[in-house]
Each structure stands twice: as structure tokens, then as C-alpha cells.
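Q: One structure is given below, represented as C-alpha cells, and several questions about it will come after.
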Amino acid sequence: MAPFFLLFALVTVAPIGYAAWLSLFREERSGLGFGGARQVFSGIGNYTKALSDPLFLASFRHVAVYCLLYIPVMVGGALVLALLLDSALARARRFFQIAFYLPHAVPGLIAAMVWLYLYTPGLSPVLDVLDSAGISWNFFGRDEALLSVVNISAWQWMGYNMIIFFAGLQAIPRETLEAATMDGAGAVRTAFQVKVPSIRPTLVLTVLFTCVGAVQLFDAPQLLQLRATEMGESWSPTMYVFSAAFKGHDYGLAAASALLLALVAGAASYVVTKLGNRWRSA
């Protein structure tokens, strides 16, 4: 196991340690700023600066609302698709598995660019259809932009999680399903009272990974804010970290913000795991 621990130390432990060290310092320039910058120890100054920044706190509120919308839609949609593919009436299963999975094979940035085109007035066939139906919709509006981000993420990840759920459903013993049918359970009752409870561990794991991934949201809002200007450059925590590091050149603040984000992701993982364990044992 030595190669694993060596690689883990190089690509995980060392960057975290460097970020922790970097977060304790800030750059300071003397005089009118013409002199060279020097590192000054600031202790927890960068952490207090991040926690007192309204933009940083607002970014977590944005992601919290995003999670409330995205996770039920994505997980629920993936579960329904998996149940449909696992039903006795399903045909061409392999074709639909590949078709639903294909959006996940598209890189996140490319997917965001595709949807940016579909959201743009004058270019989007979607908006043309809505206009012909008398429906006015601005994908880049103040409130609509959040739904636009949710749509991009759900489109990209629903098929991936559908494959995971489908694999879990295929592992259910056929004898269990036959027994449910012999007891008079219909297709819908079998799906939600036999199949879904049987894949509880898979559901918990999927929700856990989805929560961790949602907190790290970056690609879609980063590209979308180029048109939806009201979103701002610090709409999500990762965008705030990116802006602080590569636009504000405040690497200490960026490192502190990134570590705070990691703590939030770890806390969310702990809560989801605890709730999932209770649900599995219920």
C-alpha cells in the first residue's frame, strides 16, 4: 500500500498543508506600492476576513438554495429513470443506458457552453419555441439564473447516477421481486416498497457524493455569469476562491476560504452519513 499512501501524501496532504500555511500570511507592500511585496504573518486574519465578507457568506446561501433544488431533482429523476429501465416492460435498455449517460461524458465546461448557447436570445431554438407559445423567459434573469444552473447540473449528472441506481436494482434477488408479485403487489408498489428500500445504501452514497460535489460548484455559474451579470464573480464559494486568488491576487484569503469550504463540505458529509445510517437501519 506504500504507493497509494505516497501518492495520497503528494496530491492531497501536501496541498492541504501548503494551503494551511499560506492562509496564515498576507502580502504587504511598503510606501506607494512600488516596492516588492513581502509576506506578513496574519494568523487567523484571513479567516476572519473571509467570514466577515458578505460575498463569501452569500456564496454559501446561493449554494444552499441550489442544493435544495438540485439534489431532489437530480436524485429523484435518476431513480425514476433507473426504475423505468428495470421494469419488465422496458425495451432497448442498453440504448437508453448509453443515451442517458452521454451527457456525463461531456466535460463540464463544454456542457455549460452548450447550454449557454441554448439560453441566449436570438440563438436558442428553445427560446424560439417558448416565444411561439407566448411564454416569455429570461434564462439570465436574477431569479431564473439559479434554475439555469440547476438544469445544467441535472442534465449532466442524472444519467450517471441513473447507471449507479440501475446497477443496484439489478443486484436485488429476483426471488424477492417474484415473492412481491405473488403477494399481489403491482409494478408501482413493487418499485417503491420493495426495490427502493433494497438500494438504500446506494441512495445514501449517491446523496453524499452529490452534496460534496454541489458545494464545489464552479463550471456552470462561472460561465453563466458572463451573461447573467447579476450573479457576480463570487456566486459560489469556489468562484469566490478563484476570484480572490487569480483576480485579487490575495492568495492567503483564497487559501483560507478554500479550507473553510473544505470544513463545510466535511460537515455536510458527516450529517448526510449520519442521517443515511439512521434511514438504512429504520
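The values are calculated or read from the model by the stated rules, or taken from the named source; none is laboratory data. This structure is a prediction, so every number in the text was calculated from the model and none was measured. Cβ sites come from the backbone with ideal geometry, for glycine too, and all protein chains shown count toward neighbours. Keep in mind that these areas ignore ligands, DNA and RNA; they rest on the heavy atoms of the full protein, side chains included. Shrake-Rupley method; radii C 1.70, N 1.55, O 1.52, S 1.80 Å.
Q: Name the aspartates and glutamates eligible as straight-distance cross-link partners of K49: C-alpha to C-alpha under 12 Å, and not fewer than 8 places from it in the same chain.
A: Hits, sequence-local ones excluded: D250.
Q: Show that you can apply the helix-only estimate: for the chain, add -39,500 (n - 2.57) for every DSSP H stretch of four or more residues, divide by all residues, and state [θ] at 222 nm to the nearest 500.
A: Values: 14 runs with 192 residues, N = 282.
Result for the chain: -22000 deg cm²/dmol, rounded to the nearest 500.
Q: Please work out the average accessible area per residue across the chain, using the 1.4 Å probe convention, and give it in Å².
A: 58
Q: In the chain, carbon and sulfur make up what percent of the accessible area (probe 1.4 Å)?
A: 69
Q: Hydropathy at least 0.5 by Kyte-Doolittle, axial extent at least 20 angstrom from the Cα trace: which helices of the chain, defined as entire DSSP H runs, fit?
A: Details: long enough: 54-86 (47 Å, 1.77); 144-170 (38 Å, 0.93); 200-215 (23 Å, 1.67); 251-281 (45 Å, 0.83).
Helices meeting the criterion: 54-86, 144-170, 200-215, 251-281.
Q: Quick one: Debye curve from the alpha-carbon atoms of region 106-149 only, equal weights, vacuum; give me log10 I(q)/I(0) at q = 0.27 Å⁻¹ to two decimals.
A: Normalising to I(0) and taking log10 leaves -1.00.
Q: Consider just the alpha-carbon atoms of region 169-282 and return their Rg together with their Dmax, both in angstrom.
A: 21.4, 67
Q: So I have [x] 21.6; [y] 24.1; [z] 20.5, and one of them is mean projected area of the Cα convex hull in nm² calculated from this model. Which one is it?
A: Looking at mean projected area of the Cα convex hull in nm² for this model, the match is [x].
Q: To the nearest 0.05, how large is the calculated FRET efficiency for R200 and A105 if R₀ is 35 Å and r is the Cβ-Cβ distance?
A: 0.80
Q: Which length gain, in nm to one decimal place, applies between A37 and V212 when the Cα-Cα distance is subtracted from 0.36 nm times their residue separation?
A: 59.4 nm
Q: Please report the base-10 log of the normalised intensity I(q)/I(0) for region 169-236, using a Debye sum with one equal scatterer per alpha carbon and no solvent, at each q in 0.17, 0.23 (1/Å).
A: Result of the Debye calculation: -0.69, -0.94.
Q: Let me ask you something else. Which distance in Å, rounded to a whole number, links the C-alpha centroids of region 173-236 and region 36-114?
A: Centre-to-centre (Cα) distance: 12 Å.
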